[in-house]
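Okay, so here's the structure we're looking at.
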Amino acid sequence: MPADTRGPARYYMSPMTPPAAARRPFRIAVPDATLADIRARVMRYPWHEMPDDGGWDYGANLDYMKALCAYWVDGFDWRRQEAAINRFSHFNAPVDGMDIHFIHEKGSGDAAMPLLISHGWPGSVVEFLEIIEPLAHPERFGGRVEDAFDVIAPSLPGFGYSGRPPRPIGPRKMADIFNRLMTDTLGYSGYLAQGGDWGGAISSWLGFDHAPACQGIHINILTMRHGAGPQTDAERAWQTKFTNDQIMQEGYRTQQATKPQTLSYAMMDSPVGIAAWLVEKFKSWSDLDGGDIESVYSKDDLLTNIMVYVTTRSFNTASWIYYGRREEGGRVLSADDRRVEVPTACALFPAEMLAWPPRSYVERLYNVQQWTEMPRGGHFAAMEQPGLLIDDIRRFARTLRDRTSGAP
């Protein structure tokens with residue numbers, strides 16, 4: 001049903017405390033034997049079978065992958081990264097028959113707004129390590145305690161530390177699961193949802209299907225489409241350019257949306273294969289200086305995300321979301337062209353590989369209340385430009401708070 005657009009009535013924890021068994025503390029602790037096996041597999045990768053690869057044009061660059069894997073073997077310290085992830089409070093909770101993992105960082109003060117942040121593929125919750133604390137505790141970073149959030153950052157079903165669904169599901173079903181996590185498990189009566197990549201799709205479905213509990217969304221990607229298609233010359237020009245731009249990006253997407261299991265036999269056997277499959281996307285989709293991937297990401301950044309996939313053996317089920325969306329009906333939001341009616345903020349990063357359409361198109365999909373064209377940044381906004389993303393989320397949340405207080 002269309003949502004009430006008057007803004008949130010109030011953000012608070014329900015006085016009903018969820019059962020203790022519904023939320024269990026969780027810590028990441030990869031066994032030493034697992035780490036040793038991964039290191040051995042990387043060490044014995046048969047590089048001699050790999051020909052010169054033409055830079056990055058054919059995919060993951062051979063010289064860079066050799067250098068990354070050499071560091072993986074001799075320099076990368078998983079235990080250090082594991083400790084950095086574990087500095088936040090982690091939990092598991094059963095939702096819809098599977099364990100959902102999430103970070104839950106309670107915000108400062110007594111009026112923290114619940115904020116659900118959702119990652120995508122090929123990411124994980126480690127995308128958010130630099131934004132969780134500033135969002136939850138702005139006063140520690142020169143900000144105002146009044147801007148604090150209760151930050152909830154789940155691993156998507158089938159990804160990382162969450163359980164796997166019995167068969168592929170798409171972002172609309174994941175939105176249903178996350179809404180239950182927020183309302184039934186954690187007891188929030190209202191919350192703000194944010195996301196990029198699949199998190200943008202999940203946030204969109206939260207706003208569409210789960211208002212008024214979801215009382216606003218902030219997205220840094222446009223994944224949804226109109227059933228009726230573009231309506232103006234500018235919108236038609238965007239669609240043509242978008243289609244042409246995506247020609248060289250469609251391979252992975254088509255494979256994972258149609259035959260993910262076939263791909264996974266190779267990936268589940270090869271940490272180097274997973275690394276190459278993921279690193280190529282971080283290189284292609286980010287706003288880099290001179291094409292240098294390490295102008296934005298360190299080897300530690302890249303390998304920590306890769307290790308989430310490798311150590312949890314979740315590459316297979318993480319790829320299922322593409323298959324699940326195809327079964328759910330693809331990108332079209334509504335066959336009868338209804339839109340997301342909760343207040344929506346759009347953060348447009350210039351190097352986003354899914355280029356944004358004209359605002360006129362977006363406003364037929366969402367109740368756009370904030371439109372920010374960023375000066376720099378790409379697909380992985382929380383890692384590439386955390387400060388810009390944090391500021392934009394805070395600015396949007398203030399407008400929701402103002403509606404609550406009745407401020408002009």
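The values are calculated or read from the model by the stated rules, or taken from the named source; none is laboratory data. Predicted model only: the values in this text are computed from it and were never measured. Cβ atoms come from the backbone with ideal geometry, glycine included; neighbour counts cover every protein chain shown.
Condition (residue is farther than 30 Å from H210 by Cβ, assigned to a helix (DSSP H, G or I), at pLDDT below 95 and not polar (S, T, N, Q)) applied to the range 70-88: is it met by at least one residue?
Scanning the range 70-88 turns up no residue that is farther than 30 Å from H210 by Cβ, assigned to a helix (DSSP H, G or I), at pLDDT below 95 and not polar (S, T, N, Q).
For the range 171-190, check the following and say yes or no: at least one residue is aromatic (F, W, Y), within 14 Å of the chain's Cα centre (by Cα) and crowded, with 24+ Cβ neighbours inside 10 Å.
Scanning the range 171-190 turns up at least one residue that is aromatic (F, W, Y), within 14 Å of the chain's Cα centre (by Cα) and crowded, with 24+ Cβ neighbours inside 10 Å.
Under 8 Å between Cβ atoms, which residue pairs at least 6 apart in sequence (or on different chains) link something in the range 240-256 that is of a type in the set (D, E, K, R) with a partner that is in a helix (DSSP H, G or I)?
Within 8 Å, the pairs are R253/Y322.
So, in the range 194-244, how many residues would count as being over 22 Å from the mean Cα position of the chain (by Cα) and either part of a helix (DSSP H, G or I) or crowded, with 24+ Cβ neighbours inside 10 Å (or both)?
Residues meeting the conditions: 11.
Just give me the residues in the range 385-404 being under 19 Å from D287 (Cβ atoms) and in contact with a helix residue (DSSP H, G or I) (Cβ under 6 Å, 6 or more places away or on another chain), in sequence order.
Within the range 385-404, L389, I390 meet the criteria.
Of (1) assigned to a helix (DSSP H, G or I); (2) under 21 Å from the mean Cα position of the chain (by Cα); (3) of a type in the set (V, I, T), I152 satisfies all except one. Which?
With (1) assigned to a helix (DSSP H, G or I); (2) under 21 Å from the mean Cα position of the chain (by Cα); (3) of a type in the set (V, I, T) applied to I152, the lone miss is (1).
Residue-wise test of (1) at pLDDT below 95; (2) crowded, with 23+ Cβ neighbours inside 10 Å; (3) in contact with a Phe, Trp or Tyr (Cβ under 8 Å, 6 or more places away or on another chain); (4) not in a helix (DSSP H, G or I).
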residue: I306; (1), (2), (3), (4): no, yes, no, no
residue: S319; (1), (2), (3), (4): no, yes, yes, no
residue: G330; (1), (2), (3), (4): yes, no, no, yes
residue: A335; (1), (2), (3), (4): yes, no, no, yes
residue: A345; (1), (2), (3), (4): no, yes, yes, yes
residue: M353; (1), (2), (3), (4): yes, no, yes, yes
residue: W371; (1), (2), (3), (4): no, no, no, yes
residue: H379; (1), (2), (3), (4): no, yes, yes, yes
residue: P408; (1), (2), (3), (4): yes, no, no, yes
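Cβ-Cβ under 9 Å, sequence separation 6+ or interchain: first residue in the range 37-58 and in contact (Cβ under 8 Å) with a residue 40 or more places away in the chain and closer than 15 Å to K283 by Cα, partner surrounded by 15 or more Cβ atoms within 10 Å (Cβ to Cβ) and of a type in the set (D, E, K, R). Which pairs?
W56/E280; W56/K283
Against the definition (within 27 Å of W285 (Cα to Cα), modelled with pLDDT of 95 or more, touching a Gly at 6+ places or on another chain (Cβ under 8 Å) and among the β-branched types (V, I, T)), how does I117 come out, yes or no?
yes
Would you tally the residues in the range 311-347 being in contact with a Ser or Thr (Cβ under 9 Å, 6 or more places away or on another chain) and either of a type in the set (A, V, I, L, M) or closer than 15 Å to I217 by Cβ (or both)?
Qualifying residue count, the range 311-347: 10.
Condition test on D150, is it under 20 Å from F26 (Cα atoms), in contact with a Lys or Arg (Cβ under 6 Å, 6 or more places away or on another chain) and either charged (D, E, K, R) or surrounded by fewer than 22 Cβ atoms within 10 Å (Cβ to Cβ) (or both)?
Yes.
Check D150, D110 and return the single one that is modelled with pLDDT under 95 and of a type outside the set (F, W, Y).
D110
Which condition breaks for A237 when tested against (1) over 26 Å from R23 (Cβ atoms); (2) small (G, A, S); (3) touching a residue at least 40 places away in the same chain (Cβ under 8 Å)?
Checking A237 against (1) over 26 Å from R23 (Cβ atoms); (2) small (G, A, S); (3) touching a residue at least 40 places away in the same chain (Cβ under 8 Å), the one that fails is (3).
Exactly one of (1) exposed (fewer than 15 other Cβ atoms within 10 Å of the Cβ); (2) within 27 Å of the chain's Cα centre (by Cα); (3) in contact (Cβ under 8 Å) with a residue 12 or more places away in the chain is unmet by K66. Its number?
All conditions pass for K66, except number (2).
State whether the residues of the range 111-128 include one that is surrounded by fewer than 18 Cβ atoms within 10 Å (Cβ to Cβ), in contact (Cβ under 8 Å) with a residue 40 or more places away in the chain and within 30 Å of V145 (Cα to Cα).
yes
Restricting the search to the range 389-406, which residues are crowded, with 19+ Cβ neighbours inside 10 Å and either modelled with pLDDT of 95 or more or not in a helix (DSSP H, G or I) (or both)?
Those that are crowded, with 19+ Cβ neighbours inside 10 Å and either modelled with pLDDT of 95 or more or not in a helix (DSSP H, G or I) (or both): L389, I390, D392, I393, R394, F396, A397.
What do you reckon, is F315 closer than 14 Å to M383 by Cα and either touching a residue at least 12 places away in the same chain (Cβ under 8 Å) or in contact with a helix residue (DSSP H, G or I) (Cβ under 7 Å, 6 or more places away or on another chain) (or both)?
Taking the combined requirement at face value, the residue does not satisfy it.
Report whether or not A84 is surrounded by 18 or more Cβ atoms within 10 Å (Cβ to Cβ), over 16 Å from S155 (Cα atoms) and not aromatic (F, W, Y).
no
How many residues does the range 274-298 contain that are surrounded by fewer than 19 Cβ atoms within 10 Å (Cβ to Cβ) and either more than 17 Å from G54 (Cβ to Cβ) or without any contact (Cβ under 8 Å) to a residue 60 or more places away in the chain (or both)?
So the answer is 7.
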